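Laboratory data are not the source of any read-out in this text; all were calculated from the coordinates shown. Quick caveat: nothing in here was measured; it's all calculated off a predicted structure.
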């Protein structure tokens, strides 16, 4: 049985982790997702707004509308039977989530507890037998399918 902890001399755990993440980062860039785009999107979310529409029976007066609906309403459509008013307001749920993400990015938000095992065993694949390689590939495929199913479930698909 080969020694599963063999690793090329001079390679650190940090370098191995970086090598593992590089394909993912490359795929993100190839898909048009880079830091600049993420910053723009985060800025949009921090300023998120929504349009609110309400109907009022009759024409109504501006004073009456302000007293019943509050400030900021603009008449959009008016007929003899009803008036439609609209206003733009902050989308607080999106803004709050974006604020939390921004705080996490600048390390000003309490970290969620994630346990990462950096003492994992390094497997020198070149020293594996064909049978061991096949078992490793099968296990890897099963794990990938489990993760894919988990993500699909989280997304509601």
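Calculated mean residue ellipticity, 222 nm, the chain: -16500 deg cm²/dmol, from DSSP H runs (n ≥ 4) at -39500 (n - 2.57) each, averaged per residue and rounded to 500. Using a cutoff of 8 angstrom between alpha carbon atoms and counting only pairs six or more residues apart, the relative contact order for the chain works out to 27 percent. Seen through its C-alpha gyration tensor, with square-root eigenvalues sorted a ≥ b ≥ c, the stretch 84-124 comes out prolate because a/c lies at 1.5 or above while a/b is bigger than b/c.
Using only Cα atoms, tell me the angle between helix 92-105 and the longest principal axis of the chain; keep it within 0 to 90° and round to the nearest 10. The angle comes out near 30 degrees. Restricting the calculation to alpha carbons of the stretch 34-110 gives Rg and Dmax of 18.5, 56 angstrom.
Classify the stretch 100-157 as rounded, prolate or oblate from the Cα gyration tensor: take a ≥ b ≥ c as the square roots of its eigenvalues, call it rounded if a/c is under 1.5, otherwise prolate when a/b beats b/c and oblate if not.
Numbers: a/c = 4.38, a/b = 1.70, b/c = 2.58.
Cα axes put the stretch 100-157 in the oblate bin.
Pairs of C-alpha atoms in the chain farther apart than 22 Å represent 71 percent of all such pairs.
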